[in-house]
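What follows is calculated from the coordinates using simple rules that are stated; it is not laboratory data. If you're wondering where the values come from, they're calculated on a predicted model, not measured in any experiment. Neighbour counts run over all protein chains shown; Cβ positions are idealised from the backbone, glycine included.
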Amino acid sequence: MEQYAIKGGNPLVGDVEIAGAKNAALPIFAAATMTDETVYIDNIPDVRDIDMMLDAMANIGVTVKRTGRHSVMINGGNIHNLTVDDEGSKKIRGSYYLLGAFLGKYKHAEVVLPGGCDIGCRAIDQHLKGFRALGAEMVIEHGLIKARAEHLKGSHIYLDKPSVGATINVMIAAALADGMTTIENSAKEPHVVDVANFLNSCGANIRGAGTDVIRIRGVAKLHGTEYTIIPDQIEAGTFMFAAAVTKGDVTVKNVIPKHLESVTAKLLEIGCEVKEEDDSVRVVAAKPLVHCQVRTLPYPGFPTDMQPQITVALALAKGTSIVTESIFENRFKYVDELTRMGAEIKVEGDTAIIDGVARYTGASITAPDLRAGAALVTAALAAEGFTIVENVKYIERGYEDFHIKLKNLGAQIELVNTDKEFQKFKLKMGQTA
Ligand code: EPZ
């Protein structure tokens with residue numbers, strides 16, 4: 001099984017190119033099947049979740065052609081099966097966007113209950129509520145979410161929570177519904193806006209994405225387009241915090257600095273320098289880090305997907321920090337692993353109380369999910385000695401070339417498969433124990 005072998009101690013220094021946003025690409029792929037014309041999508045990240053989604057689509061008759069490492073051609077003109085239940089779709093969250101897309105286009109869809117990272121209860125009641133308001137009958141049977149409608153009709157939907165997934169799914173279906181749909185208390189994340197922009201470039205009529213009220217006037221038909229996915233703000237934020245944790249100097253390139261404001265604000269608060277340019281952000285961590293308080297919130301608040309990364313930094317900061325996780329109730333599972341590396345963190349419910357320590361020490365640890373996995377790698381890069389990180393398959397689901405990008409910034413990291421390869425890595429790094 002693939003593992004990262006890491007020797008800590010080198011500050012990360014240099015430039016890193018950020019890939020396209022996975023969480024924008026997944027719903028955009030689904031939405032691309034709503035037209036029978038061809039859609040070209042660029043700036044897609046080369047990561048496992050993307051492969052699984054495209055494979056699931058190809059299995060049911062969508063024509064999917066990779067036109068380059070970061071581009072794909074999609075044609076939904078020959079879909080022969082409206083049941084999506086392959087193994088890959090069970091593992092990823094994004095597969096449920098095919099429910100909205102097929103419900104909009106064919107008024108019928110059956111999609112396996114989606115997986116995704118194990119970070120807490122991942123309810124879908126708001127998706128069901130939204131589809132029902134549009135006139136669909138929704139049932140869950142034999143592990144499938146089944147949707148059927150005689151006629152999809154625009155409606156007024158108030159989401160109990162600003163769910164990213166529910167906002168996008170309902171917006172996708174409503175693009176082809178009859179009349180006006182209003183989604184209130186909608187999620188405002190940049191990928192919600194990206195999906196709306198994509199749909200509009202296919203001829204949809206969506207206004208207000210990025211605010212908490214989205215209005216969708218249904219159109220009869222969508223057409224083909226060419227579209228470029230936005231940069232991944234979570235990948236960017238991960239490298240920005242990696243700079244802080246390793247006392248480095250990293251410039252993240254190909255980003256939209258506005259999407260990174262909450263991350264930038266916290267980095268400034270804990271003592272880093274942050275310099276924004278048009279499409280890049282440089283983080284310099286020349287001074288010791290200081291404690292702060294963080295609460296994860298829907299955008300534009302501090303993202304839950306950055307919670308492990310900031311915790312890893314705060315565990316090395318002077319003083320006591322408090323991190324409150326308000327989105328997913330089970331997102332502190334990595335703390336046990338960080339404790340093995342010397343962190344002093346107590347978790348009480350949705351809150352982590354962190355007493356900063358002077359250093360981490362290398363250990364054998366396991367990535368529990370995507371973002372926590374990446375965060376633990378950054379801890380290992382700052383640690384004294386060697387770390388082995390198991391379960392890197394989680395990290396590869398959402399970060400393109402993670403260890404290669406880190407290596408280019410000066411990290412001592414390698415992908416290994418066996419203990420023998422780990423020993424070899426240690427020898428190469430000039431230490432036998
Ligand atoms: C998306 O998940 C992302 N996944 C997650 O990223 C991200 O953490 C999350 O949004 C929040 O930003 C994808 O885009 C594929 P939500 P999603 O619906 O859509 C509750 C990563 O690491 N809720 O906004 O599943 C839910 O339980 C992943 O890339 C309901 O109660 O998140 C949670 O508490 C991990 N009912 C909150 O809302 C619903 O019907 C936010 O969930 C839906 C959600």
Quiz item: Which of F241, I172, L152 sits closest to the plus end of the dipole of the range 137-250, meaning its Cα is farthest towards the positive end, when Lys and Arg get +1 and Asp and Glu get -1 on the C-beta?
Solution: L152
Quiz item: What is the distance in Å between the Cα centres of the range 310-367 and the range 72-139?
Solution: 35 Å
Quiz item: What's the center-to-center distance, using Cα atoms, between the range 199-258 and the range 259-294 in Å?
Solution: 20 Å
Practice problem: Could you list the residues of the range 33-60 with an amide nitrogen less than 20 Å from a label point located 7 Å from the Cα of K393 in the Cα-to-C-beta direction? | Solution: 46-57
Quiz item: Near the amide H of H291, under 5 Å away, which other amide H atoms are found, from residues 5 or more places off or on another chain, if H is placed in the peptide plane?
Solution: K318
Quiz item: Going by average Cβ neighbours within 10 Å, how do the peptides 386-392, 156-162, 265-271 rank, with the highest at the top?
Solution: 386-392, 265-271, 156-162
Exercise. Starting from the amide H of D178, placed 1.01 Å from N in the peptide plane, find each other amide H under 5 Å away whose residue is 5 or more places distant or on another chain.
Key: L152, K153, G154
Quiz item: Around I206, what is the net charge, scoring Lys/Arg as +1 and Asp/Glu as -1 over all other residues with Cβ under 10 Å from its Cβ?
Solution: +3
Quiz item: Which of the peptides 124-136, 209-221 is most tightly packed, and how do the rest follow, judged by the mean count of other Cβ atoms within 10 Å per residue?
Solution: 124-136, 209-221
Quiz item: If you place +1 on the Cβ of every Lys and Arg, -1 on the Cβ of every Asp and Glu, and leave all else neutral, what size is the dipole of the range 1-125 about its Cα centre, to the nearest 20 Debye?
Solution: 60 debye
Quiz item: Rounded if a/c is under 1.5, else prolate if a/b beats b/c, else oblate: with a ≥ b ≥ c from the C-alpha gyration tensor eigenvalues square-rooted, which is the range 22-100?
Solution: oblate
Self-check item: Percentage relative contact order, the range 22-228, counting C-alpha pairs under 8 Å, at least six apart
Solution: 21 percent
Self-check item: Calculated [θ] (222 nm, deg cm²/dmol) that DSSP helices of n ≥ 4 give over the chain, each run adding -39,500 (n - 2.57)
Solution: -9500 deg cm²/dmol
Quiz item: Once you put a point 7 Å from the Cα of E276 and another 7 Å from the Cα of V357, both along the Cβ direction, what distance in nm separates them?
Solution: 3.5 nm
Self-check item: Global form of the range 22-228, assessed from the alpha-carbon gyration tensor, a/c cut-off 1.5
Solution: rounded
Self-check item: Packing-based order for 338-347, 235-244, using average beta carbon neighbours within 10 Å, highest first
Solution: 235-244, 338-347
Self-check item: Reachable aspartates and glutamates, given that their alpha-carbon falls under 14 Å from the alpha-carbon of K91 and they are not under 8 places away in the same chain
Solution: D49, D51, D55, D118, D369, E396
